[in-house]
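Undergrad: Below you will find the structure I want to go over with you.
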Amino acid sequence: MLQGWVIVLTSFAYLCLLFAIAFYGDRRADRGRSIIANPYIYSLSLAVYATAWTFYGSVGRAAADGIGFLPIYLGPTLMAVLWWMCLRKIIRISKVNRITSLADFVASRYGKSALLAGLVTVIAVLGILPYISLQLKAISNSFTILVQYPAIEMPDKQRSVAVLQDTAFYVAMILAGFTIAFGTRELDAAERHEGMVAAVAFESLVKLLAFVAVGAFVTFGMFDGLADLFTRARADPRIEPLMTPFDDFSNYASWTWLTVLSMLAIMFLPRQFQLAVIENVDEKHLRTAVWLFPLYMLAINVFVIPIAFGGLLSFPKGGVDADTFVLTLPMAEQHTALALLAFVGGLSAATGMVIVETIALSTMVCNDLVMPALLRSRRLRLNERQDLSSLLLDIRRWAIVVIIMLGYLYFRLAGEAYALVSIGLISFAAVAQFGPAILGGIYWKGGTRAGALAGLSAGFVIWAYTLLLPAFARSQWLPQSLLTEGPFGIALLKPLELFGLAGLDQITHAMIWSMLFNIGLYIGVSLTSRQSVVEHGQATLFVDVFTKTREPSSFWRGTASTRELRILVGRFLGPERAQEQFAALARERSLRSLEDLPGDAECVHFAERLLAGAVGASSARVLIASVVEEEPLGIEEVMNILDETSHVIAYSHQLEEKSRELEAATTGLRAANERLTELDRMKDDFISTVSHELRTPLTSIRALSEILHDNPDLDRAQRVRFLGIVIKESERLTRLINQVLDLAKIESGKAQWHNSELDLRDIIDDALAATRGLFEEKNVALATQLAADVPRLVGDRDRLMQVMLNLISNAVKFCAPDSGRVRVSMHRQGDCVQVDVGDNGIGISAENQRIVFEKFRQVGDTLTDRPQGTGLGLPICRQIINHFGGRLWVESRLGEGSTFSFTLPLDPRASDDKLAA
Amino acid sequence: MRKPGIDQQRLIATFILGGVLFNYPILSLFNTSSSLLGIPVLYVYVFLAWGFVIGLVAWIAERPR
C-alpha cells in the first residue's frame, strides 16, 4: 500500500521544495528584497532547535520518565528572556567585527588566536557528531519502519548490515548533497545564506504542523480528549508513576542541570549561533523572537505527553520503540496520509538541523582549521593562486561530506546503544563548554587567551572522558571494565563516577565536573596570565560594544600597497567584488580614483575585515600579514606609546600651569579693580573736599560783600575790616586753587620742572628771609645750624623754596607766641643731604603723623577750630621731595613739638635719572 | 524598548521568576497524583507557568512604543 518508492519520491519532492524556497530566497536577497528580513521568519528559523530529537526523541523520553524531557525547552525559554541583553550584545559584536562563526567569535575575542579558533572548531565538530548521528538514525529508522507499512516492525539493532545496504548511509549521502547545494553555491562575504534561512523557517512550520496533527489525532481521534487519555493512562501501572516523576532529590538536580545545559545549548550550538547571530538581519527582530520562539517550543511540546501515553496504551505488549510513536501510532491506526506527514515532519526536523549545522561547522572547519594551516604551511603556493574562492568552496564541500560521514560513523559505532535524547544530550554537553569563554568574554575584560584555552581544553577532555568514552564502551568498542572498574582498575577514575562522585545521572555528573574545571581554569588562568596588546584591544571592543561606537581600531601598524591588498582580497572574494569594495572605500574617502587610495592602516584594516568576512578573523590575519610588513610592537613602538602618554601628561601639566596663571591674573585683575574703585572713591572724596574747601572762603567773601553792598553807610573802620577779610579770603582762595592745580599737575606728571644746579643753603636762607615777618609777628626765636660741607645739588629752585617756606611757616604757625622756638638745620647724611625744621609747638600725635601728609587733612577738629591752612601744603611738599628722589617725614611728640625732615640725594646721576624720568 | 533600563530590569526579574517557577521547591508542590479536569496537576502547572512567562516576556518586549 505504501511502496518504498512513494516514500523516497515524497522525500525527494520535499527536499526539492526546500531547495526551491532556498533558491527563491537567494534570488530575492540578490535583488535586495530580502524575504527573511522580518521577525517572524527569524523566530521560525531559530526553531531549527527542534530537531528529530524533539520530533521523535521527546516522546521516547516522556514514555520513560514523564515530564523529564521538558527542561530541554524550558532552558531556552529562560535564556530567551535574557536575549535582549546577551544575544543582542553578541549580535552587535559580530556585526561590528564581521564575525562569521562561533569559532571566529571566540578567536576574535581572545586576540584573533588561530589556536583557539582551531580548538573551538575541533570541539564543535566532535561534539556535534553524536547529534548528527541522531538525525541520521531518526531518518533511517523512520524510513525503515514506514517501508514495512502496514506492519509495524522495529529495525533490528543487532543486525549488522553492510554499509552499502544501510539506509542511514544513503540518507547521509543525500543530506550531504543537499547541504552542499544549500550552503556552498557561492561565497558570501558575510557567510550569510538567506535562502537557507527561508527554507529552515519553512521546515519549522512543516514539523510543527506534522507534530500537532499527530498529537491531535492521537488525543482526539484515538482517545476522547486529554481527560480521557490521562484517565486511562492513570489506570495503567506502567504509566501511573510517570505522573509524579520526582521521586527523590537527584531528579530535581538533573532537572535543573538539564535546564542549564539547554540554556547554554540554545546559545552555543553552531547552528543556533549561525541563525541567531550570523543570519540576523536586524537586532530588533529579537523583540519578537524572545517570546515567539518559546511559544513555538510550547506549541510543539503540548502533545508530547499525550502521544507518549497514547503509544504506551496502544502498544501494551511493548516491542515498539517509544522514540517512534509519532510515526507508529498513525501507522497502527492505518492512517496512511498522517503517517506520511509524520515522516515528512521528522525528515523536516532532521534535515533542517543537519543542513544548518554542517554549513556552520564547515565554515568553521574551512576558516578556522584548514585555511590557517594551509596558509601557514604552503603559503607560497597559495599566494601564487589567483582566485582562491573556488578553493574555499571546495574545502567547505569536503568538510560537509566529512562531517556528515563522521556523524554516520558515530551512528555505526555508538548510535544504537542510546535513545535519541541521550545521544543529543552528549552534544549539548559539548557545546556547553563554550559558555564560560564566550559569556565571560563579552562581560569580563580580564578573560585571557590562556584562560580560554585552559578552560575549553579541560572542559572538553572531561566531556570526552565522562560522556564520549562510555558511549563507545557501551557499544562494545571499548572494554566494559573501563566503566565498571575504571582505567587500570583505578576506581576514582571511573568515567561515570569520576573522583567517586556517584548517585547522579550521566549528564549531571559530566556537567558538574566539566563546568567546574572549565570555569575554574578559565577564571584561574585568566587571573594569573597576561593579555597581549591585541587581546586587550579585542576584549575592550567586545565588552564595551554598546558604549564604544567607533570602528574597531586597527592593530596593524604597517602599510601595504593598495594593489596588493586588492589582489589579495580579490583572490577570496573574486576580483570584481574586491574592485567594487575598494572603489566604495575610495568614494567614501572622497578620492577620485582607486589609485589614489593610500595603503595606510585604515585601508589595511578594511581589507582585513573584508577577508574576515570570507575566511574568518584568524585566517584573515595570517593573510594580511603576508602582504603587510607589520612592524611588530617593538621597544620603539612601546616607547612611542609611552611618549604619547608622557606628552599627554605634559599637556595636562601645561594646562594646570595655564589655569594657575589665569587664576593669578584674575586675582591681579581683581586687586587692580579694587584699587581703581578705591581711587575712584578717593577722587570723588577729593572733589567733594575741594568744593567744600572752595565754598568756605567764597561764602565768607560773598557774605561780607553783600553786607558792604547793602549797607553803604557802614562805618569806615568796619568796612576796612570787612574788606580786609574779603581780601584775605580771596588770597586763600587763590592759594587754594593754585595748590589744587599744582598738586594735580605734579600728580599727573605734567608739572614743569626748571632744574638747575643750586646750593640748598641759599634756598634756606632765602626762605628764612622771606618768613622773617612771621617770626617777628609771633615773636618766635629762630636757630639755624647749616653745615658748610654740603655740596651743590640739582633741583628746581622755586619748588624747593616752596617746600622750605611751607615747612617754616607751618613751624611758626604751630608755635606758641613769644615762647616759640624754631630750629632749622642741614647736614650731610651719607649720599643725601638732610634738612630738619623743628619747633616746640603743640606736636602731633602718633596716629596723626601719617595723615598730615594726606590731602585736606589738617590735624585738629576742623569743625570747631578755624582751619589755619588749605590742607594741601604738606602733600605738595611730599610730592616735590619724592620727585627729586628724597623723603619727607615727621617726628613728633604731642605737646613737645615736632620736627619735619626731608632728604635729597646728592648723587647727580641718581637725580639725573630721576629728572630724566 | 523605550526605556531600556526598566525593560532590562523587568526581563531579568522575569528570568528569575521563571527560574524559581521551574525548579525545586515550587515544582515539588505539584508533584502529586491529583489532577485538574483529568490532567495531572504537574503538567497543568508546568505548561501554565511556561505560558505565563512567555506572555510576560511578550508584554515587556512588544509593548506599544
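The values are calculated or read from the model by the stated rules, or taken from the named source; none is laboratory data. Remember, it's a predicted structure, so these values are computed and weren't measured experimentally. No Cβ is skipped: glycine too gets one built from the backbone with ideal geometry, and neighbour counts run over all protein chains shown.
Undergrad: Within region A:725-745, can one find any residue that is among the basic types (Lys, Arg) and surrounded by fewer than 13 Cβ atoms within 10 Å (Cβ to Cβ)?
TA: Within region A:725-745 (the criterion being among the basic types (Lys, Arg) and surrounded by fewer than 13 Cβ atoms within 10 Å (Cβ to Cβ)), the answer is no, since none of the residues qualifies.
Undergrad: With the condition kept exactly as written, say whether any residue in region A:312-320 is at pLDDT 90 or above and more than 20 Å from A:Tyr56 (Cβ to Cβ).
TA: No: region A:312-320 contains no residue that is at pLDDT 90 or above and more than 20 Å from A:Tyr56 (Cβ to Cβ).
Undergrad: Looking at region A:222-240 only, could you name the residues that are assigned to a helix (DSSP H, G or I), more than 8 Å from chain B (Cβ to nearest Cβ) and in contact (Cβ under 8 Å) with a residue 24 or more places away in the chain?
TA: A:Met222, A:Leu229, A:Arg232, A:Ala233
Undergrad: Which members of region A:873-896 meet the condition of being out of contact with any Phe, Trp or Tyr (no Cβ under 8 Å at 6 or more places or on another chain) and not in a strand (DSSP E or B)?
TA: Going residue by residue through region A:873-896, those that are out of contact with any Phe, Trp or Tyr (no Cβ under 8 Å at 6 or more places or on another chain) are A:873, A:876, A:879-880, A:882, A:884-885, A:891-896.
Scanning region A:873-896 gives A:Gly873, A:Ile876, A:Gln879, A:Ile880, A:Asn882, A:Phe884, A:Gly885, A:Arg893, A:Leu894, A:Gly895, A:Glu896.
Undergrad: Being farther than 12 Å from B:Asp7 by Cα, surrounded by fewer than 19 Cβ atoms within 10 Å (Cβ to Cβ) and within 9 Å of chain A (Cβ to nearest Cβ) is the filter here; which residues of region B:44-65 pass it?
TA: The answer is B:Phe47, B:Gly51, B:Gly55.
Undergrad: Right, A:Ala342: in a helix (DSSP H, G or I), away from every other protein chain (no Cβ under 14 Å) and either more than 45 Å from the chain's Cα centre (by Cα) or surrounded by fewer than 24 Cβ atoms within 10 Å (Cβ to Cβ) (or both) or not?
TA: Values: in a helix (DSSP H, G or I): yes; away from every other protein chain (no Cβ under 14 Å): yes; either more than 45 Å from the chain's Cα centre (by Cα) or surrounded by fewer than 24 Cβ atoms within 10 Å (Cβ to Cβ) (or both): yes.
For A:Ala342, the condition - in a helix (DSSP H, G or I), away from every other protein chain (no Cβ under 14 Å) and either more than 45 Å from the chain's Cα centre (by Cα) or surrounded by fewer than 24 Cβ atoms within 10 Å (Cβ to Cβ) (or both) - is met.
Undergrad: Right, next: Inspect region A:289-299 for any residue being under 30 Å from A:Ala612 (Cα atoms) and not small (Gly, Ala, Ser) and give the result as yes or no.
TA: So far as region A:289-299 goes, yes, one or more of its residues are under 30 Å from A:Ala612 (Cα atoms) and not small (Gly, Ala, Ser).
Undergrad: Now a separate question. Would you check if A:Val794 is modelled with pLDDT of 85 or more and either within 60 Å of the chain's Cα centre (by Cα) or closer than 19 Å to A:Leu906 by Cβ (or both)?
TA: No; evaluated as a whole, the condition is false for this residue.
Undergrad: So which residues in region A:1-23 are surrounded by 15 or more Cβ atoms within 10 Å (Cβ to Cβ) and under 22 Å from A:Glu194 (Cα atoms), if there are any at all?
TA: Listed by number, the residues that qualify are A:Tyr14, A:Leu15, A:Leu18, A:Phe19, A:Ile21, A:Ala22, A:Phe23.
Undergrad: Can A:Gln802 be described as in the same structural domain as A:Ser892 (by TED's automatic domain parsing), of a type in the set (S, T, N, Q) and in a helix (DSSP H, G or I)? Before the answer, list the steps.
TA: Details: in the same structural domain as A:Ser892 (by TED's automatic domain parsing): yes; of a type in the set (S, T, N, Q): yes; in a helix (DSSP H, G or I): yes.
Considered against the rule, which asks whether it is in the same structural domain as A:Ser892 (by TED's automatic domain parsing), of a type in the set (S, T, N, Q) and in a helix (DSSP H, G or I), A:Gln802 comes out as yes.
Undergrad: Given the residues A:Arg238, A:Arg234, which is the only one that is in contact with a strand residue (DSSP E or B) (Cβ under 9 Å, 6 or more places away or on another chain) and farther than 28 Å from A:Leu209 by Cβ?
TA: Details: A:Arg238 fails: in contact with a strand residue (DSSP E or B) (Cβ under 9 Å, 6 or more places away or on another chain).
Result of the check over A:Arg238, A:Arg234: A:Arg234.
Undergrad: Anything in region B:15-43 that is in contact with a helix residue (DSSP H, G or I) (Cβ under 8 Å, 6 or more places away or on another chain), within 26 Å of A:Ala233 (Cβ to Cβ), β-branched (Val, Ile, Thr) and more than 8 Å from chain A (Cβ to nearest Cβ)? List them, or say none.
TA: Matches in region B:15-43: B:Ile26 only.
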